[in-house]
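The values are calculated or read from the model by the stated rules, or taken from the named source; none is laboratory data. Because the structure is predicted, anything quoted here is derived from the model rather than measured. Because the Cβ atoms are built from the backbone with ideal geometry, glycine has one as well, and the counts that use them run over all protein chains shown.
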Amino acid sequence: MMKLTNVAQFNNLKDYVSYKLEQFKNRDKTYEVLFEYMFSEKDNVFAELTNGYKISKITYGECKQKIQELSSVFCDTIKAEKGSKIAIAMDNSVEWIQTFWALLMAGYNPVFFNLRLPTEVLEKVIATHQIKAIVSDKNSYSVDTYFIKDLIEQKSENKNNEEWGQEVIFMSSGTTGEVKLCSYTAENFYYQICDSLTIVENCPQIGEHYNGELKNLVLLPLYHVFGFIAVYLWFTFFSRTLVFLKDLKPQTLLNTIKKHKVTHIFAVPLVWDKIYKEAIKKIKARGNKTYAKFLKGLKLANGSKLGRALTKNAFKEVRENLFGDSIKFLISGGSAISKETIEFFNGIGYHMANGYGMTEIGITSVEISNNHKVRNLRSIGHPFSQTEYSINEKGELLVRGKTRASKIITSDKTLITDFSAWFNTCDLAEQLNGGYYLKGRVDDLIVCQNGENLNPEILEQNFLIKGVNSVCMFMAKEPTLLVSIEPSFSAEKIKQIQKDILTILKNKRLADEIKKVDITCDSLTLGGDFKISRKKVAKRYIDGNFDIIDVVNAEKEVQKMLTSLQERVIKCFAEVLEKPMQEIGVNQDFFADLGGSSLDYFSLLEQIKQEFNVEISQEEKLSCVEDFCKIIKR
């Protein structure tokens with residue numbers, strides 16, 4: 001293994017982090033001191049970005065200097081009194097991190113806006129929690145809004161404020177019906193970093209580098225507790241490198257990982273499940289024989305250590321088509337991951353682990369076993385060194401420790417944390433062989449007429465059959481199963497999916513409990529949701545916001561989908577050709593009638609790929625909207 005040269009005087013990451021934490025232990029647990037340790041290795045590469053064909057690099061020293069300059073600008077510009085809550089409403093960027101530290105340095109308490117929430121919800125938070133100003137990258141709000149693009153290049157002669165901010169505030173996702181603010185002190189984050197050392201000590205794989213470098217992809221939003229603590233806080237305390245994405249397009253993601261030789265990716269199950277499904281789709285497209293051979297190899301790889309060793313080279317092409325071989329560690333967290341997904345990634349030769357945390361408690365565990373068979377069981381591992389777990393008589397997971405938020409603020413009260421008391425996560429869990437396993441949420445349980453409790457999270461896995469994207473079981477007027485399917489242009493296929501679902505209900509003896517089954521092509525998630533929210537889905541369903549397919553009249557439904565498909569293809573044509581949609585007919589020739597060039601055509605193929613996830617060969621002789629619709633249907 002290549003010797004690391006960017007861990008001060010040490011030979012490995014574990015000794016380096018241990019030394020820093022030992023020094024930090026004897027210092028005040030303030031954000032000013034934390035900042036000093038976060039930027040202690042000024043020559044290490046803090047961030048990488050793709051700039052055209054080149055890779056731009058920013059050192060810790062350069063980032064620190066920019067933070068200090070920006071802090072002075074904030075002192076000049078922001079009119080709110082020191083100690084006020086100032087929100088950050090920005091997407092992931094180096095400027096986000098610089099803004100976060102500069103606000104603290106200027107004496108303010110940053111609030112991380114959850115940009116997945118509707119504007120009206122954010123405005124309610126502003127009013128309810130006395131947020132005095134906002135630093136934004138695009139949107140304006142009802143209080144003083146400062147745009148980072150205007151501030152970042154400004155200069156100030158003022159000295160920085162001597163009093164630092166005292167708290168950093170996360171917003172909950174609002175899936176429980178109310179947005180809560182969770183406040184963390186620097187001491188809370190100190191203990192979170194202590195917990196990260198537990199992983200490095202017990203799971204050497206997480207500290208592995210590629211060509212002497214460890215690069216963590218900034219995929220999760222930094223305003224989310226998972227993204228901020230696991231992606232940013234831990235790894236920049238280690239003085240490692242963050243890799244930023246230009247956008248979230250699938251091809252950008254894959255290209256960035258390979259170009260920058262990313263080693264670590266943390267994401268939510270929704271992302272991993274999507275990548276898994278796309279990979280399987282491509283393998284199936286190579287024929288039944290190839291697919292059967294792949295499944296046989298995957299079973300062998302997940303069966304034993306020897307099987308894994310024998311198949312690692314065989315899966316080299318699969319890995320190359322995904323992320324390449326620089327990847328050292330993958331983590332899934334935020335909700336339950338499917339058995340098939342985790343077995344796929346561990347089986348093809350990557351190291352994927354499952355973790356656990358919440359906005360109120362931070363990140364509290366991850367499965368640190370190096371045995372892929374253990375990881376495939378989807379345990380969330382043991383609690384970290386600064387955290388304890390317990391399970392009460394109702395089967396609910398309880399958590400306590402100093403890594404928790406110091407206070408939780410709702411619209412009508414502020415709860416100061418008693419760190420010796422247990423926090424009820426309302427997640428159902430069980431402990432087996434030392435590991436902890438999640439079984440769903442208490443408030444998701446469906447009580448049937450016979451008094452039996454149904455656990456949707458466990459039961460839903462049975463319905464993820466061919467043609468089904470996702471399912472959600474919830475209580476409307478009665479227990480309901482909503483099935484989201486891939487857009488289908490075959491009435492027979494839609495009817496078959498419904499038949500298969502009803503058969504599963506009968507075989508699982510659920511037909512008497514779940515009598516309402518509806519099918520839709522609509523997504524069960526909204527915008528950039530991390531996971532399916534049962535409460536949101538139920539509300540959308542009750543409000544009539546899903547386009548439910550009438551299976552009895554499936555032929556008419558298919559015709560509606562075909563019309564929708566034509567409109568989406570016409571939109572692709574219009575964007576490439578820069579023409580109004582109404583000027584493009586379904587049978588007009590791209591070249592002769594619409595004036596498209598060969599270069600436009602290549603752009604169209606890429607646009608179709610992005611919109612429909614369909615790879616169309618340049619050899620295909622397609623000339624009009626109808627031609628593209630036919631091949632997409634096929």
### Task
Report yes if K64 is out of contact with any strand residue (DSSP E or B) (no Cβ under 8 Å at 6 or more places or on another chain) and either in a helix (DSSP H, G or I) or not assigned by TED's automatic domain parsing to the domain that holds V121 (or both), otherwise no.
yes
#### Entry: Per-region count, the stretch 543-552, residues surrounded by 11 or more Cβ atoms within 10 Å (Cβ to Cβ) and not in a loop (DSSP other than H, G, I, E, B)
2
### Task
Just give me the residues in the stretch 515-536 being under 15 Å from V468 (Cβ atoms) and either surrounded by fewer than 14 Cβ atoms within 10 Å (Cβ to Cβ) or of a type outside the set (S, T, N, Q) (or both), in sequence order.
V517, D518, I519, C521, D522, S523, L524, I532
#### Entry: The one condition in (1) basic (K, R); (2) at pLDDT below 85; (3) over 22 Å from L482 (Cα atoms) that K556 fails to fulfil
(3)
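So how many residues does the stretch 233-247 have that are over 23 Å from N11 (Cα atoms) and either surrounded by 20 or more Cβ atoms within 10 Å (Cβ to Cβ) or aliphatic (A, V, I, L, M) (or both)? Steps first, answer last, please.
Initially, the stretch 233-247 is screened for residues over 23 Å from N11 (Cα atoms), giving 243-247.
Applying the additional criterion that residues be either surrounded by 20 or more Cβ atoms within 10 Å (Cβ to Cβ) or aliphatic (A, V, I, L, M) (or both) yields 243-245.
Of the residues in that region, 3 qualify.
To keep it simple, each residue is scored yes or no on (1) modelled with pLDDT of 85 or more; (2) under 23 Å from K249 (Cβ atoms); (3) not assigned by TED's automatic domain parsing to the domain that holds Q251.
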| residue | (1), (2), (3) |
| --- | --- |
| A574 | yes, yes, yes |
| G585 | no, no, yes |
| D593 | no, no, yes |
| Y601 | yes, yes, yes |
| L605 | yes, yes, yes |
| E611 | no, yes, yes |
| I616 | no, yes, yes |
| K621 | no, no, yes |
| D627 | yes, no, yes |
### Message
Condition check: of a type in the set (A, V, I, L, M, F, W, C) and not in a helix (DSSP H, G or I). Does A87 satisfy that?
### Response
yes
### Task
Output the number of the condition that Q9 fails; it satisfies all remaining conditions of (1) touching a residue at least 12 places away in the same chain (Cβ under 8 Å); (2) of a type outside the set (D, E, K, R); (3) over 28 Å from H224 (Cβ atoms).
(1)
### Query
Restricting attention to the stretch 90-128, which residues are out of contact with any strand residue (DSSP E or B) (no Cβ under 8 Å at 6 or more places or on another chain), closer than 20 Å to K155 by Cα and part of a loop (DSSP other than H, G, I, E, B)?
A106, G107
### Query
Taking V537 and the conditions (1) among the aliphatic types (A, V, I, L, M); (2) in a loop (DSSP other than H, G, I, E, B); (3) closer than 30 Å to M475 by Cα, which numbered condition does it fall short on, given that it satisfies the others?
(2)
#### Entry: helices (runs of 4 or more DSSP H) lying entirely in the stretch 554-634 (those with 2 or more residues that are exposed (fewer than 13 other Cβ atoms within 10 Å of the Cβ) and without any contact (Cβ under 8 Å) to a residue 40 or more places away in the chain)
554-577, 598-612
### Query
Which one of I494, I504 is farther than 25 Å from K556 by Cβ, surrounded by 14 or more Cβ atoms within 10 Å (Cβ to Cβ), in contact with a helix residue (DSSP H, G or I) (Cβ under 6 Å, 6 or more places away or on another chain) and not assigned by TED's automatic domain parsing to the domain that holds Q559?
I504
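Within the stretch 195-221, which residues are surrounded by fewer than 20 Cβ atoms within 10 Å (Cβ to Cβ) and either modelled with pLDDT of 95 or more or among the aromatic types (F, W, Y) (or both)?
In the first step, residues of the stretch 195-221 are kept if they are surrounded by fewer than 20 Cβ atoms within 10 Å (Cβ to Cβ); the result is 198, 201-205, 208, 210-212.
Matches in the stretch 195-221: Y210 only.
Out of K261, K249, which single residue is touching a residue at least 40 places away in the same chain (Cβ under 8 Å) and on the phi > 0 side of the Ramachandran plot? First the steps, then the outcome.
Numbers: K249 fails: on the phi > 0 side of the Ramachandran plot.
One residue alone meets the criteria, K261.
I'd like the full set of residues that are among the hydrophobic types (A, V, I, L, M, F, W, C) and not in a strand (DSSP E or B), limited to the stretch 338-388.
In the first step, residues of the stretch 338-388 are kept if they are among the hydrophobic types (A, V, I, L, M, F, W, C); the result is 342, 344-345, 348, 352-353, 358, 361, 363, 366, 368, 374, 377, 380, 384.
Result: I342, F344, F345, I348, I361, I368, V374, L377, I380, F384.
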### Query
Are any residues in the stretch 27-64 touching a Gly at 6+ places or on another chain (Cβ under 9 Å) and over 16 Å from M105 (Cα atoms), and if so, which ones?
E41, K42, D43, N44, F46
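Being small (G, A, S) and under 23 Å from L21 (Cα atoms) is the filter here; which residues of the stretch 361-380 pass it? If you could, list the steps in order and put the result at the bottom.
Step one: filter the stretch 361-380 for residues small (G, A, S), giving 362, 365, 369, 379.
Passing the criteria: G362, S365.
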